[in-house]
Structure formats: C-alpha cells, structure tokens
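Reading through the structure tokens given below for one structure.
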Amino acid sequence: MNAAAAVSAVVIAAVLFGTTGSAQALASRALDAPLDPVAVGAARVVLAGLLLCALVAARRGVAALRGDVPATLVGGVGVAVYQIGFLTGVHSAGIAAGTMIALGSGPAFTGVLQWIVHRHRPDRLWLIATAVAVSGMALIVSGGSSSGSAALLGVVAALAAGLGYAIYTVAGAVLIERGSRSDSAMAQMFGVGALLLVPVLLWTGVSTLASAVGVATIVYLALVPTVLAYLLFGYGLSHLPPATVATLTLTEPVVAAALGVFVIGETLTARAGVGMAVVLSALLLLAAGTLRRARIAQPETDSSSVPVRRR
C-alpha cells in the first residue's frame, strides 16, 4: 500500500534527520573545539545538492532537473534557511531543545502555508495530532536542560528553521504536483540551496572544516541525513499531504533528544520523558488516521486495474 510505504519512508527519514545534531556535537567534541554551524550547514547543502543533482541526472538526464521555476527557487531558499537555522539552533540551544523548537514549529508553519498555497484547510485529525505533539514538545523543551532556558539566538534560529522547513515542504509538494518526480524535486531545491550557500561557505571559511573529522562529518551529514533521508522524504511527500508529512517528521526531535541524552550526555528530566511519550502518541494517531483514510478511499476493485502514479 502506497500510504503505508509513504508513512514508513517519512518516519525513517525523520530518524536519520534526528542524528544531525549529535553528529555535529560529536565532531566538535573530537576536535575539542566547536565547528561553526553556519559553515557545517553550508557545506552540507553544497555537497548534498551536488550529489542529488548528479544522481538524478545520471538516472534520467539533465532534463529531469527542470521543474517549476518559482517553486524551485522558493524551495531552495527554504532549504538554505532550514539548514543554517537548524544547525545554529541546536548549537546554541542544545540538541533536544533546538530540534524541538524547529520541528515543533514546522507543522504549524506548514499547515498555514498549505492553506495559503493549496486553499486546503488542515483537517481535524491533523489539528489534534499537531496540538498533542506540540504540547509534548513543550514538555521536552522545559525539561530538556538543567542549565536553564535556551539562548535567544538558538530559539530564533530554530524558529527560522521551522519556517524554512515548511517552505521547502510545501514547495516540494507543488513541484511534484506540477510534474516533477519526488527525487527530482529534492534535487532541484537542494541545487538552488547549494548555489545560495556557496558564498556563505566561502565567507565562513572552508578551513574551519579542513580536518579529517570535519570532512568525515560533512560527508556523513550530506550522505545519510540529507541525500538518503531526503529521497525517502520526497517519496513520502509524493503520496501524503504536506501537513501530514510535517507532523510525521516529529519523530526527529524524539530521536534527537534520545541521542542527546544517551550519546552526548544532555540532561532530561522525567517531564521530558513524558513529553517524548506524548509526541509518539500524536505520531501514532496521525499515522493510523492516514492509513485508515487511505483504506477507505481505495477503490473496491482488483488492484491490477487501479493505475498507480509512479514517482
């Protein structure tokens, strides 16, 4: 079933996304000096954009990289804003808190943008699931650190990341609706994002990443939680509404918080543990509702007679 595969793809992508902050923190720990999150984000997008474009071009030719220009440009801006904002947010506010703020605001921004662009009001299930998830994330943020509240810079950067995420999620859906395959849509947006961030990478200094640890970190971030994860994300986006995708990716902050505690050593209270359970409950509610709607909508005919839209 396409819906089941799409939900699984988005959740797996979100798990991979959740390793980003810890990878950056482990690299900084190995170097005994913090990596510049802006440089890391720019390098990640530049390399991932090149890889995604090369992969799509090798499979279907350069023509596959052509899509709706306005949506591609807007999506590229969203990619750039998200990457820089997210890595700055987790660096300044902490992995758990920064991720929660970024991904917690993402579904709300996405629902509003989807309403504006598609004239489609999010349904009651999405509203309930998102409200439950956001309440759970509030518990995680409030119990996520013994050192006090998140720095203002981290909060602002994480909110910017949430907006950037919403922008490229909706733009990606528009590209797919207008004929681009899901992997092509991701490559188009990341290609634009890469072009936008090349000057940023040069300005922040390539030398800050010129070490074995720095190179390994960028390669990992580009290949696993970017290229692989976004191909899965794009597949899910081609079969699910953007608001649903945005809420399913709330798996990411749960994974990020767990890694922050058990790998990096961040402190979480019992309140944060309850918050994780609340977020997971919201995800299960949304996933179950999505699959139920898909089963109801499926024609009661032989599956071989039902055309499937390939991506």
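The values are calculated or read from the model by the stated rules, or taken from the named source; none is laboratory data. The model shown is predicted, which means the values in this text are computed figures rather than measured ones. Methodologically, a virtual Cβ is constructed for each residue, glycine included, from the backbone with ideal geometry; neighbour enumeration extends over all protein chains shown.
Structural remarks
- If the condition is being at pLDDT below 80, of a type in the set (Gly, Ala, Ser) and closer than 24 Å to Gly179 by Cβ, then the stretch 223-279 contributes Ala243, Ala246.
- The residues on offer are Ala64, Ala30, Ala80, Ala14, and the sole one that is touching a residue at least 60 places away in the same chain (Cβ under 8 Å), aliphatic (A, V, I, L, M) and closer than 18 Å to Val279 by Cβ is Ala14.
- Given (1) over 26 Å from Leu201 (Cα atoms); (2) touching an Asp or Glu at 6+ places or on another chain (Cβ under 9 Å), index of the condition Ile116 fails: (2)
- Among residues of the stretch 113-136 that are in contact (Cβ under 8 Å) with a residue 40 or more places away in the chain, those with a Cβ under 6 angstrom from a residue that is surrounded by 14 or more Cβ atoms within 10 Å (Cβ to Cβ) and not aliphatic (A, V, I, L, M), sequence gap 6+ or separate chain, pair up as Gln114/Pro242; His120/Gln114; Pro122/Gly111; Leu125/Gly289; Ala129/Thr247; Thr130/Pro107; Thr130/Thr247; Gly136/Gly275.
- Residue list for the stretch 218-239, filter: crowded, with 18+ Cβ neighbours inside 10 Å and farther than 22 Å from Asp36 by Cα: Ala229, Tyr230, Leu231, Leu232, Phe233, Gly234, Tyr235, Gly236, Leu237, Ser238, His239
- The one condition in (1) more than 15 Å from the chain's Cα centre (by Cα); (2) part of a helix (DSSP H, G or I) that Gly67 fails to fulfil: (2)
- If you go through the stretch 20-66 and keep only what is among the polar types (S, T, N, Q) and closer than 22 Å to Ser182 by Cβ, you end up with just Thr20.
- Condition broken by Leu237, with the remaining ones in (1) free of Cβ contacts under 8 Å to residues at least 40 places away in the same chain; (2) touching a Ser or Thr at 6+ places or on another chain (Cβ under 7 Å); (3) of a type outside the set (D, E, K, R) satisfied: (1)
- Checklist (1) at pLDDT below 90; (2) surrounded by 24 or more Cβ atoms within 10 Å (Cβ to Cβ) applied to Ser184, failing item: (1)
- Pairs are defined by a Cβ separation below 9 Å, a sequence spacing of at least 6 or placement on different chains, a first member in the stretch 250-262 that is touching a residue at least 24 places away in the same chain (Cβ under 8 Å) and among the β-branched types (Val, Ile, Thr), and a second member that is surrounded by fewer than 24 Cβ atoms within 10 Å (Cβ to Cβ) and assigned to a loop (DSSP other than H, G, I, E, B); the pairs so defined are Val255/Thr19; Val261/Thr267; Val261/Leu268.
- For Val215: the one exception among (1) surrounded by fewer than 20 Cβ atoms within 10 Å (Cβ to Cβ); (2) closer than 26 Å to Val62 by Cα: (2)
- The listed residue being of a type in the set (D, E, K, R), closer than 25 Å to Ala287 by Cβ and surrounded by fewer than 24 Cβ atoms within 10 Å (Cβ to Cβ), out of Arg66, Arg59, Arg119, Arg124: Arg124
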